[in-house]
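The values are calculated or read from the model by the stated rules, or taken from the named source; none is laboratory data. The structure displayed is predicted, hence computed values, not measured ones. Here the Cβ is made from the backbone with ideal geometry for all residues, glycine too, and neighbour counts use every protein chain on show.
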Amino acid sequence: MSEEYSANFITVTDDDGNEFELEHLDTIEFNGETYLAFFPAVSEDSEENNEEELGLVILKVIRENGEELLSTLDSDEETDAVYNEFMKELFSEEEEDS
């Protein structure tokens, strides 16, 4: 039971070398690809520094040299389609819980 409610956090580094901690929310398969949804983790440092808040972060799993990596999405169209799929999943789960 504890695993079901425990948060999963990862740290990612952007192209400029900035590190961000993300909390994993959900994973879906869509159009033959695996996508993961995250929210930025809130830390005391980010609250004190009033850093710009990020919204939902969606990354996809790619394979490079036999290794699985997380990558940004290729287009706004892909982002919109995957976001809508995550929302469908979220709302269908809420309806099942009712």
### Task
Kindly state which strands (runs of 3 or more DSSP E) lie completely within region 1-46 and contain at least 2 residues that are closer than 20 Å to Leu90 by Cα, aromatic (Phe, Trp, Tyr) and modelled with pLDDT of 90 or more.
33-40
### Task
Take region 54-82 and flag every residue that is outside any loop (DSSP other than H, G, I, E, B) and either touching a helix residue (DSSP H, G or I) at 6+ places or on another chain (Cβ under 6 Å) or of a type in the set (A, V, I, L, M, F, W, C) (or both).
Val57, Ile58, Leu59, Val61, Ile62, Leu69, Leu70, Ala81, Val82
